[in-house]
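See structure below.
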Amino acid sequence: MAIQPARIRVLNDVPPRDGADAVLYLMQQSMRVPFNPALELAVEEANRLKLPLLVCFGLLDGANGFPEANARHYAFLLQGLADAAAALETRGVAFLVRRGTPAEVAIDLSERAALLVLDRGYLAIQKEWYGAIERKAKCRIVQVEGDVVVPVETASTKHEYAARTLRPKLQKIWDDFLEPLEPRKVENPAGGLIKRLKLKDGLDVSDPDRLLSELTLDTTVGPVKRFRGGYTEAAGRLESFLQDAFAGYGAGRNRPEAGAASHMSPYLHFGHISPVEIALAIRAAEDGDRDDRSAYLEELIVRRELAMNHVFHTQGYDDYARAVPEWARKTLAEHAEDERPTLYSEEELAEGKTRDHYWNVAMREMRETGYMHNQLRMYWGKKILEWSPSPEEAFARTLRLNNRYFLDGRDANSFTNVAWIFGLHDRPWQTRKIFGSVRYQSENSLRKFDAKAYERAVTRLCEAEGD
Ligand SMILES: Cc1cc2nc3c(=O)[nH]c(=O)nc-3n(C[C@H](O)[C@H](O)[C@H](O)COP(=O)(O)OP(=O)(O)OC[C@H]3O[C@@H](n4cnc5c(N)ncnc54)[C@H](O)[C@@H]3O)c2cc1C
């Protein structure tokens, strides 16, 4: 299948460079080999120009590290890079991982490249890198969207009010984007290219544990055993989910103990799997019925791409004053002086030292295993709003904790869902203390599922982390 033109943006008018050594692809958002349209476009271009393909990656650490990333995130990322390195080698594509920002690495290598292919993410830091590349790389630059089903600007040209306004726009066109992507044959294998071109400073990513130990990172939040990074792991998990847990997703997705979640979010965040690949697998699943399929596609496409829409259109998506809608800030401000019967420090929250037993259990799952079910994330966030001295402080704390402990943190989904706690993409509800007319969630919501079974599952998972 051809790569849909709506996924492709040519960022400058420069023709491919004559006499170049290779076509260059900066792998950044789509950290995988299968189902990666940026990679396949780069292979097509390399074949057309009769050149080998060089893929590069910029690894940040120390003072220069990726904002809010810690050893937990890096362990997962490096596992994914090892997986991608092996798959690229099998396909005859060279892979160079260097220390530096993705922009620095790509700009340097682009000096001898016929053209530079980028993939695409929407966080502010990614936009900064693309901006620097556009200003400084003196070759043709093409960007390919591969981590949403419907490209963000094709889905909608404005900040959407809620899922109900974006849903029909997506549903009308998503079939056009739900197509398989076959790997193109690499006609000019790159064997020995890095040596031949004398490209220095390449890091060996084949042993992620060793490389992790050599990086300067925040190690106060460590790697988890529950999730291993990389496409191979993601694909294996998807297959098990479809076989063992997908039937009943529609009914079970609101029950954390039901095991109905796919756990795809860390893999989606790191680009270790394509949402198109997941959606196609869901559509083709033999188990599961229409309800299961539409419930899953609602989460994977509508909710996830609503988050992309929000981040794309919101300068300051991590800032309470800009990310939270005006009506919600107004009502929360009107109730800012309401008495807070219970206040906790951020440390008490992080350590799960509240008087709410099941909140502490959920916090333990997050802190020790890097994940929490969506149903509990909502309760978790609403309680932080209730237990913090001000809505502004609650927003900042929720985001910090979210991004520190979740493997899928620091994502468009993180910023959008935290803002949802404070009223984004929602409507006013009945007014009450502290929350004003922002939706409240009480302890009663815990009665809708088997909280004891959930606690047993968390205990098992956390004990396994300690083994
Ligand atoms: C306070 C709060 C914080 C959250 N923080 C994050 C975060 O940091 N990173 C993150 O990826 N998600 C976040 N979410 C959204 C959601 O909880 C997770 O995406 C989901 O729980 C991931 O688990 P899963 O892959 O097993 O989900 P599944 O139920 O198997 O869903 C499949 C996929 O659909 C998407 N999805 C599911 N629920 C949502 C949702 N509410 N919004 C957007 N996309 C969704 C995800 O990509 C998910 O992987 C947050 C939600 C809340 C309420």
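The values are calculated or read from the model by the stated rules, or taken from the named source; none is laboratory data. All figures in this text were calculated on a predicted structure; none of them were measured in a lab. As a convention, Cβ positions derive from the backbone with ideal geometry for all residues, glycine included, and neighbour counts pool all protein chains shown. Heads up: the accessible areas ignore ligands, DNA and RNA and are worked out on the full protein's heavy atoms, side chains in. Shrake-Rupley method; radii C 1.70, N 1.55, O 1.52, S 1.80 Å.
Computed quantities for the displayed model
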{"item": "Single residue of Arg329, Arg377, Arg355 found to be touching a residue at least 60 places away in the same chain (Cβ under 8 Å) and either open to solvent by 20 Å² or more (accessible area, probe 1.4 Å) or acidic (Asp, Glu) (or both)", "result": "Arg329"}
{"item": "Ser262 of a type in the set (S, T, N, Q) and within 12 Å of the ligand (Cβ to nearest atom)", "result": "yes"}
{"item": "Residues of the range 421-448 that turn out to be acidic (Asp, Glu) and farther than 22 Å from Ala323 by Cα, as a count", "result": "1"}
{"item": "Residue, farthest from the chain's Cα centre (by Cα), within the range 341-352, restricted to residues that are open to solvent by less than 40 Å² (accessible area, probe 1.4 Å) and more than 22 Å from Leu424 (Cβ to Cβ)", "result": "Thr342"}
{"item": "Odd one out for Phe270 among (1) over 19 Å from the mean Cα position of the chain (by Cα); (2) within 16 Å of the ligand (Cβ to nearest atom); (3) of a type outside the set (Gly, Ala, Ser); (4) within 24 Å of Arg7 (Cβ to Cβ)", "result": "(1)"}
{"item": "Some residue of the range 280-294 being in contact (Cβ under 8 Å) with a residue 40 or more places away in the chain and within 8 Å of the ligand (Cβ to nearest atom)", "result": "no"}
{"item": "Considering residues of the range 435-450 that are in a loop (DSSP other than H, G, I, E, B), out of contact with any Pro (no Cβ under 7 Å at 6 or more places or on another chain) and among the polar types (S, T, N, Q) only, the residue farthest from Ala394 (Cα to Cα)", "result": "Ser442"}
{"item": "Filter result (of a type in the set (Phe, Trp, Tyr) and farther than 26 Å from Glu351 by Cβ) within the range 206-232", "result": "Tyr231"}
{"item": "Number of the condition not met by Val14 [criteria: (1) part of a loop (DSSP other than H, G, I, E, B); (2) touching a helix residue (DSSP H, G or I) at 6+ places or on another chain (Cβ under 9 Å)]", "result": "(2)"}
{"item": "Residue within the range 391-398 that is within 17 Å of Tyr344 (Cα to Cα), open to solvent by 10 Å² or more (accessible area, probe 1.4 Å), without any contact (Cβ under 8 Å) to a residue 24 or more places away in the chain and outside the structural domain of Ala162 (by TED's automatic domain parsing) present", "result": "yes"}
{"item": "Checking Trp429 against (1) within 9 Å of the ligand (Cβ to nearest atom); (2) open to solvent by 10 Å² or more (accessible area, probe 1.4 Å); (3) without any contact (Cβ under 8 Å) to a residue 40 or more places away in the chain, the condition it does not meet", "result": "(1)"}
{"item": "Enumeration of residues in the range 411-434 that are part of a helix (DSSP H, G or I) and out of contact with any Asp or Glu (no Cβ under 6 Å at 6 or more places or on another chain)", "result": "Ala412, Asn413, Ser414, Thr416, Asn417, Val418, Ala419, Trp420, Ile421"}
{"item": "Enumeration of residues in the range 403-419 that are near the ligand (Cβ under 6 Å from one of its atoms) and open to solvent by 10 Å² or more (accessible area, probe 1.4 Å)", "result": "Asp408, Asp411, Asn413, Asn417"}
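Residues are listed down the side, and each one gets a yes or a no for (1) in a loop (DSSP other than H, G, I, E, B); (2) surrounded by fewer than 23 Cβ atoms within 10 Å (Cβ to Cβ); (3) touching a residue at least 60 places away in the same chain (Cβ under 8 Å):
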site: Ser30; (1), (2), (3): yes, no, yes
site: Ala38; (1), (2), (3): no, no, yes
site: Glu45; (1), (2), (3): no, yes, yes
site: Leu51; (1), (2), (3): yes, yes, yes
site: Cys56; (1), (2), (3): no, no, no
site: His73; (1), (2), (3): no, no, yes
site: Leu78; (1), (2), (3): no, no, yes
site: Thr90; (1), (2), (3): no, yes, no
